[in-house]
Amino acid sequence: MDFQSWRHVFKLDPNKRLTDEALQALIHSGTDAFLIGGTDGVDAENTFALYARVRDTGIPVALEISQPSQIIHGFDHYFVPTVLNAGTPEWVIGHHARAFERYGHVFDSRLVTAQGYLVLNPDAKVAKVTESRCDLSLEEAVSYAEVGHHLFRLPSLYIEYSGRFGDVDVLKEIRLALPDAHLFYGGGIDGEETARLMGAYADTVVVGNIIYEDLVGALATVQALR
Ligand code: 1GP
């Protein structure tokens, strides 16, 4: 799975309602991939139900694994987050080790990519769950990203502001420090302008919430990145 070529991704939440009409619009939007994932109320059942609606559309479908019980076969790709600024080692490596205890025998490295998350919106559910240290200075944020890329050699980094538009300077400085890293950006992308601003520094822009709030705005983000 060549996620390196993705410029635009729609992140679909198994716990949110999406009409068939809206889904069709997303399928025909020109997006590069669907990423299925969420923090709240996500289980194998709703993950599979959503997957079943988007497979076989010709668009790659990836699963962002937030809990092992959600692991379902058939996805084109799997992303496993490790939260670099988590307040507890559980979210850096603990849950992962437990997942390997159970699922290590089916692990296929060709299908799995680790994502080094930097969670920077303290109000986001993911920040609370992972007790992330979000009050990083710009220099600290860059350092965390550098550790993820240079020391841990993670194949991708995810600058996560889930729920609000982030600090463009943070993304810009990380880009400048790590020209070779694959950077995902997500958070508050709601139309052309925000997509362009972050798209100037991110390799892949992830669009989530706005799908459920303003479909027209969500669709506009695709064209903005072409
Ligand atoms: C969430 O980064 C994604 O994990 C997208 O964020 O929902 O704010 O678009 P939004």
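Bear in mind these aren't lab numbers, they're just calculated from the coordinates by the rules spelled out. Everything numeric here is computed off the predicted structure, so don't read it as measured data. Glycine also receives a Cβ, built like all others from the backbone with ideal geometry; neighbour counts cover every protein chain displayed.
Spin-label pair Asp214-Glu101: with each label point 7 Å from Cα along the Cα-Cβ axis, the two points sit 4.6 nm from one another. Return the lysines within reach of Lys16: Cα separation strictly under 30 angstrom, same-chain partners fewer than 8 residues apart disregarded; answer none if there are no such residues. Output for Lys16: Lys125, Lys128. Each peptide in 66-75, 106-115 was scored by the mean count of other Cβ atoms within 10 Å over its residues; highest first, the order is 66-75, 106-115.
Direction-averaged projected area, Cα convex hull, the stretch 3-224: 11.0 nm², rounded to one decimal.
The DSSP beta bridges internal to the chain are antiparallel in roughly 0% of cases. Contact order for the stretch 1-74, expressed relative to its length and based on alpha carbon pairs under 8 Å spaced 6+ residues apart, stands at 33 percent.
May I ask you to derive the relative contact order of the chain, considering only C-alpha pairs under 8 Å and at least 6 residues apart, and to give it as an integer percent?
Working: 426 pairs, mean separation 42.2, N = 226.
Answer for the chain is 19 percent.
Mind running the shape call on the stretch 119-205? Use the C-alpha gyration tensor, a ≥ b ≥ c as the square roots of the eigenvalues: rounded below 1.5 for a/c, prolate if a/b tops b/c, oblate otherwise. Display every interim value, and only then the final one.
Values: a/c = 1.69, a/b = 1.07, b/c = 1.57.
Here the stretch 119-205 falls in the oblate category.
Qualifying trypsin sites (Lys or Arg not before Pro) in the stretch 119-165, where qualification requires a DSSP coil assignment and no more than 10 other C-beta atoms within 10 Å, comprise Arg153.
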